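Notes to accompany the following structure.
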Amino acid sequence: METLNKIKSLVEQISIDSGKTLRGNHTASIRARKNAQELKKIIPQFRKEVLDEITLQRKQKRANRITKK
């Protein structure tokens, strides 16, 4: 999933920038907040993708049960 990779990347960047922020780097705090806002936007998309995948798997299982009978 491309969305999951994007989430992982953003979390890693937030972690790095948060560490820099603690050392007094103001620009890093701006980047961390920006990435956190981007993460907030992506999470609903990720949830939808997961639910769509679950729905697809359930439909496939039902179809397999019907064809086996």
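The values are calculated or read from the model by the stated rules, or taken from the named source; none is laboratory data. Treat the numbers as computed from the prediction; the structure is a model and nothing was measured. No Cβ is skipped: glycine too gets one built from the backbone with ideal geometry, and neighbour counts run over all protein chains shown. Areas reflect the complete protein model, heavy atoms only, side chains present, ligands, DNA and RNA absent. Shrake-Rupley method; radii C 1.70, N 1.55, O 1.52, S 1.80 Å.
Determine whether THR55 is assigned to a helix (DSSP H, G or I) and either exposed (fewer than 10 other Cβ atoms within 10 Å of the Cβ) or in contact with a strand residue (DSSP E or B) (Cβ under 6 Å, 6 or more places away or on another chain) (or both).
Answer is no for this residue.
For the range 7-22, name all the residues that are touching a helix residue (DSSP H, G or I) at 6+ places or on another chain (Cβ under 6 Å) and open to solvent by 70 Å² or more (accessible area, probe 1.4 Å).
GLN13, LYS20
For the list (1) among the hydrophobic types (A, V, I, L, M, F, W, C); (2) open to solvent by 70 Å² or more (accessible area, probe 1.4 Å); (3) modelled with pLDDT of 95 or more, I need the number of the one condition that PHE46 fails.
Just one mismatch for PHE46, condition (2).
Pull up the range 24-43, narrow it to residues that are small (Gly, Ala, Ser) and closer than 20 Å to ASN5 by Cβ, then point me to the one that is surrounded by the fewest Cβ atoms within 10 Å (Cβ to Cβ).
Per the stated criteria, the residue is ALA36.
Anything in the range 1-43 that is of a type in the set (A, V, I, L, M, F, W, C) and under 12 Å from the mean Cα position of the chain (by Cα)? List them, or say none.
Within the range 1-43, MET1, LEU4, ILE7, LEU10, VAL11, ALA36, LEU39, ILE42, ILE43 meet the criteria.
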